[in-house]
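Visitor: Got a structure for you, written out below as structure tokens; questions coming shortly.
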Amino acid sequence: MSSVTLDHVHKRFGTAKGVEDVHIHIESGEFFTFLGPSGCGKTTTLRMIAGFYYPTEGSIRFGSQEVTAVPPHKRNTGMVFQNYALFPHMTVFENIAFGLQVRRVAKGEAKERVERIMDLVRLTGYGERRIDQLSGGQQQRVALARALVIEPQILLLDEPLSNLDAKLREETRFEIKRLQLELGITTIYVTHDQSEAMSMSDRIMVMQGGEVQQVGTPHEIYHFPVNRFVASFIGETNLWNGTIVGVEGDEVKVRTASGQVLTGLRQNASPKARIAAGESVLMSIRPESIQESLVTEGENVVTGSVEMAEFTGACVNYVTRVGEESLRSMSINLGRPIKQRGETIRLQIPKESIYFTE
Ligand code: ATP
């Protein structure tokens, strides 16, 4: 297995920007995800790692080996594409064995390796089937087996679940994670689906417009988003603007546009947020941290009018108008009566749950 380093990598297509200044180190054995909306540069970055594109600037290393200008077939990476790119006229066995044939692995050994990998991806017994006789989920597993059978140093997956229906997608993501843990293989995964990224990855790189926004664990990205884009792209959040009216010890008091004064904690701030009296800040508050308050007054208790109530069984979700702002909350159902549209509601915003971003 190998680590992967991208050292200030840029890719331009003529004058058009592809990706700009990607500078990351992916550890050996890590499950690392490129996440972002369409056109943000995920696939371009992955293709440079595979060798299908060469960087305009910067360099790429696998471990200590420089690979920036090495062609794809000499990189020892296994890749699964969005459309799988399987050979429809060949059997499952032939598809998986293809990479071994190209590498001139002896027949007996190839057969053994293909059978072992078919077992690993739970395709035993399907060797003689043609690709067009398989379900989408089975085709996906053939694509994975074909990438893994060559025993790559690095596994590259480009939106590998996008052709599957929702249920199968969920099952398959656990399968991929299981395989990755079992093999301990360095894996780079491209997706625009934040829940996929959150549930599978050791670390995530969030991209937008060809630029890296944040790199961190799912926990860091979710709880400490560095800016508005990351905060709203990952999960749901409330974004409130405000002005700092005082900083006392750890506590930061912020007046919102509608005149509410909320208290947050100084340590819950992105490095770029300026925490000082008079500064403008953006607060990110996750809906699930806000609970209905049983007291009418107190620190961070806000009063508003219910705009929308949604009962999902386990949860009660409200959208509440608080002055000029709207606040989404998501509370565990404790059996209390559900407030209706237009009713007054009091909500408690724990001060630990306010994150100052930019
Ligand atoms: P998607 O999820 O839609 O595949 P992505 O995040 O993978 O999007 P990329 O395919 O990496 O995005 O594209 C990044 C930018 O580079 C886009 O603006 C795209 O138009 C541009 N781009 C990508 N490949 C080429 C190319 N071969 N020629 C010109 N521009 C390109």
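Visitor: Can you confirm whether region 237-246 contains a residue that is farther than 30 Å from Pro160 by Cβ, away from the ligand (no atom under 16 Å from the Cβ) and of a type in the set (Phe, Trp, Tyr)? It would help to see each step written out before you state the result.
Guide: Filtering region 237-246 down to residues farther than 30 Å from Pro160 by Cβ leaves 238-246.
Checking which are away from the ligand (no atom under 16 Å from the Cβ) leaves us with 238-246.
Subset that is of a type in the set (Phe, Trp, Tyr): 240.
Taking every residue of region 237-246 in turn, at least one turns out to be farther than 30 Å from Pro160 by Cβ, away from the ligand (no atom under 16 Å from the Cβ) and of a type in the set (Phe, Trp, Tyr).
Visitor: A follow-up question, please. Which residue out of Glu279, Glu292, Glu297, Glu288 is acidic (Asp, Glu), closer than 15 Å to Arg321 by Cα and in the same structural domain as Leu327 (by TED's automatic domain parsing)?
Guide: When all the criteria are applied, what remains is Glu292.
Visitor: Right, something else. Can you tell me which residues in region 262-293 are among the hydrophobic types (A, V, I, L, M, F, W, C) and closer than 19 Å to Thr237 by Cα?
Guide: Passing the criteria: Leu262, Leu265, Ala269, Ala273, Val281, Leu282, Met283, Ile285, Ile290.
Visitor: Right, something else. I'd like the full set of residues that are buried (at least 20 other Cβ atoms within 10 Å of the Cβ) and either within 16 Å of the ligand (Cβ to nearest atom) or outside the structural domain of Glu30 (by TED's automatic domain parsing) (or both), limited to region 195-212.
Guide: Across region 195-212, the qualifying residues are Glu196, Ala197, Ile204, Met205, Val206, Met207, Gly210, Val212.
Visitor: Hey, can you tell me all the residues within region 86-106 that are more than 32 Å from the chain's Cα centre (by Cα) and assigned to a loop (DSSP other than H, G, I, E, B)?
Guide: If the condition is that a residue be more than 32 Å from the chain's Cα centre (by Cα) and assigned to a loop (DSSP other than H, G, I, E, B), then His89, Met90, Arg103, Arg104, Val105, Ala106 are the ones that fit.
Visitor: Continuing with this model, one more query. Please enumerate the residues belonging to region 9-51 that are closer than 16 Å to Gly209 by Cα, more than 19 Å from the chain's Cα centre (by Cα) and either within 12 Å of the ligand (Cβ to nearest atom) or surrounded by fewer than 21 Cβ atoms within 10 Å (Cβ to Cβ) (or both).
Guide: Hits for region 9-51 are His10, Lys11, Arg12, Phe13, Thr15, Ala16, Lys17, Gly18, Glu20, Asp21.
Visitor: Something else about it: Quick one: which of Leu120, Leu164, Leu157, Leu144 is within 16 Å of the ligand (Cβ to nearest atom) and either in contact with a helix residue (DSSP H, G or I) (Cβ under 7 Å, 6 or more places away or on another chain) or under 20 Å from Ser201 (Cα atoms) (or both)? Walk me through it before giving the result.
Guide: On the way: Leu120 fails: within 16 Å of the ligand (Cβ to nearest atom); Leu164 fails: within 16 Å of the ligand (Cβ to nearest atom); Leu144 fails: within 16 Å of the ligand (Cβ to nearest atom).
Only one candidate qualifies: Leu157.
Visitor: Need the failing condition index for Glu310 against (1) under 18 Å from Trp240 (Cα atoms); (2) touching a strand residue (DSSP E or B) at 6+ places or on another chain (Cβ under 6 Å), just the number.
Guide: Failing condition for Glu310: (1).
Visitor: A follow-up question, please. Name, by its number, the condition in (1) among the small types (Gly, Ala, Ser); (2) surrounded by 14 or more Cβ atoms within 10 Å (Cβ to Cβ); (3) within 18 Å of Val302 (Cβ to Cβ) that does not hold for Gly235.
Guide: Failing condition for Gly235: (3).
Visitor: Taking only pairs six or more apart or across chains, which ones have beta-carbon atoms under 7 Å, a first residue in region 286-297 that is exposed (fewer than 15 other Cβ atoms within 10 Å of the Cβ), and a second residue that is among the aliphatic types (A, V, I, L, M)?
Guide: Val295/Val301
Visitor: Further question on the same structure: Among the residues of region 73-81, is any surrounded by 15 or more Cβ atoms within 10 Å (Cβ to Cβ) and within 12 Å of the ligand (Cβ to nearest atom)?
Guide: Yes, the conditions are met somewhere in region 73-81.
Visitor: Follow-up question, since we're still on this one. Of Arg336, Arg255, Arg321, which residue is at pLDDT below 95, basic (Lys, Arg) and more than 25 Å from the chain's Cα centre (by Cα)? Walk me through how you get there before you give the answer.
Guide: Values: Arg255 fails: at pLDDT below 95; Arg321 fails: at pLDDT below 95.
Answer to the selection: Arg336.
Visitor: Across region 156-213, what is the total count of residues that are under 17 Å from the mean Cα position of the chain (by Cα), over 18 Å from Phe81 (Cβ atoms), in a helix (DSSP H, G or I) and basic (Lys, Arg)?
Guide: 1
Visitor: Now for a different question. Right, Ile60: within 16 Å of the ligand (Cβ to nearest atom), part of a helix (DSSP H, G or I), surrounded by 18 or more Cβ atoms within 10 Å (Cβ to Cβ) and of a type in the set (A, V, I, L, M) or not?
Guide: Details: within 16 Å of the ligand (Cβ to nearest atom): yes; part of a helix (DSSP H, G or I): no; surrounded by 18 or more Cβ atoms within 10 Å (Cβ to Cβ): yes; of a type in the set (A, V, I, L, M): yes.
No, not satisfied.
The values are calculated or read from the model by the stated rules, or taken from the named source; none is laboratory data. Values in this document were obtained by computation on a predicted structure and should not be read as measured data. Cβ coordinates were reconstructed from backbone atoms using ideal geometry, including for glycine residues, and neighbour counts include every protein chain displayed.
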